[in-house]
Structure formats: C-alpha cells, structure tokens
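J.: My questions all concern the structure below.
The values are calculated or read from the model by the stated rules, or taken from the named source; none is laboratory data. All of these numbers come straight from a predicted model, not from anything done at the bench. Cβ: placed from backbone, ideal geometry, glycine included. Neighbour counts: every protein chain shown.
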Amino acid sequence: MTNASELLDRAAGHLHAAAHQVEKLGDLRDSLSLRAFAGQIRLNAAGLSGDPQPTDNQQVDWSIPEQLQAALDTLDEIPPLEGPPDLPMWAWHVADLVRSAKDIEAR
C-alpha cells in the first residue's frame, strides 16, 4: 500500500511534467499566458510536495490534460483521513487546471 506522502509526490511529479510541457509550448508559441499557466501548475505541485521537482513518473507521450488528470486521479487515491486537511482544496485546484488545459488544447 502506498502512503499519502508518496501519492502526493507522485501527483506533484505529474504536475511538474505537465508544467514542463506547457513551458515548451509557451516558448514555441512565444506565449506569456502559457508560461503563466505553467507557473500555476508548478505552484500547485509545490503545495502538494516538498520535493522541488519529482521526476520519477513523467510520461512524455501523455498530453498536458492527461498529465494533469493523472495528478488528479492520484490525489483521489489518498484516503481522506490519511491525506493533509487541505487535500480537497488541492484536488479542486488540480481539477480546475485540467479544465483549463482542455480549453487551451481545444484552441
């Protein structure tokens, strides 16, 4: 059984992977709004994990929404009483990032 701390690190790893992809896309399109979105993703990753950049679970062939959804799915694996008290807030933030990424991808 994986403990809550490991799951938080895994979710943060997915967020960092998504942020990296968004940064590359922002550089390619020379888009400040995409770079800002990458910053929002990294901010959420930092809130979930003290590990500055977990990288063990990056799936480079996944889309940005898929990486973000994987982070949300990982957070959903944490039993409510074993996670941090603000876990629902972080899950809500990540769900909002998923929605934003899908909107960006649709453009």
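J.: If you scan segment 68-82, which residues turn out to be out of contact with any Ser or Thr (no Cβ under 8 Å at 6 or more places or on another chain) and either surrounded by fewer than 19 Cβ atoms within 10 Å (Cβ to Cβ) or aromatic (Phe, Trp, Tyr) (or both)?
T.: First pass over segment 68-82, keeping only residues out of contact with any Ser or Thr (no Cβ under 8 Å at 6 or more places or on another chain): 68-76, 78-82.
Within segment 68-82, ASP73, ASP76, PRO79, PRO80, LEU81, GLU82 meet the criteria.
J.: Something else: Are any residues in segment 68-95 more than 12 Å from SER5 (Cα to Cα) and of a type in the set (A, V, I, L, M), and if so, which ones? Spell out how you get there, then give the answer.
T.: Initial filter on segment 68-95 (more than 12 Å from SER5 (Cα to Cα)): 68-73, 76, 80-81, 85-86, 88-95.
Matches in segment 68-95: LEU68, ALA70, ALA71, LEU72, LEU81, MET89, ALA91, VAL94, ALA95.
J.: Also, quick follow-up: Within segment 32-51, identify whether any single residue is out of contact with any Asp or Glu (no Cβ under 7 Å at 6 or more places or on another chain), among the hydroxyl-bearing types (Ser, Thr, Tyr), modelled with pLDDT of 95 or more and on the phi < 0 side of the Ramachandran plot, and answer yes or no.
T.: Initially, segment 32-51 is screened for residues out of contact with any Asp or Glu (no Cβ under 7 Å at 6 or more places or on another chain), giving 32-34, 36-37, 39-48, 50.
When the remaining residues are screened for being among the hydroxyl-bearing types (Ser, Thr, Tyr), the result is 33.
From what is left, the residues that are modelled with pLDDT of 95 or more are none.
No, that holds for no residue.
J.: Continuing with this model, one more query. Would you tally the residues in segment 1-11 being surrounded by fewer than 24 Cβ atoms within 10 Å (Cβ to Cβ), of a type in the set (A, V, I, L, M) and under 13 Å from ASP76 (Cα atoms)? Write out each step before concluding.
T.: Restricting attention to segment 1-11, the residues satisfying the condition of being surrounded by fewer than 24 Cβ atoms within 10 Å (Cβ to Cβ) are 1-7, 9-10.
Now restrict to residues that are of a type in the set (A, V, I, L, M): 1, 4, 7.
Then drop every residue that is not under 13 Å from ASP76 (Cα atoms), which leaves 4, 7.
The qualifying residues number 2.
Let's see how each residue does on (1) closer than 19 Å to ALA70 by Cα; (2) surrounded by 18 or more Cβ atoms within 10 Å (Cβ to Cβ); (3) touching a residue at least 40 places away in the same chain (Cβ under 8 Å):
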| position | (1), (2), (3) |
| --- | --- |
| GLY13 | yes, yes, yes |
| ALA19 | yes, yes, no |
| VAL22 | yes, yes, yes |
| ASP27 | no, no, no |
| GLN40 | yes, no, yes |
| ALA46 | yes, no, no |
| SER49 | yes, yes, yes |
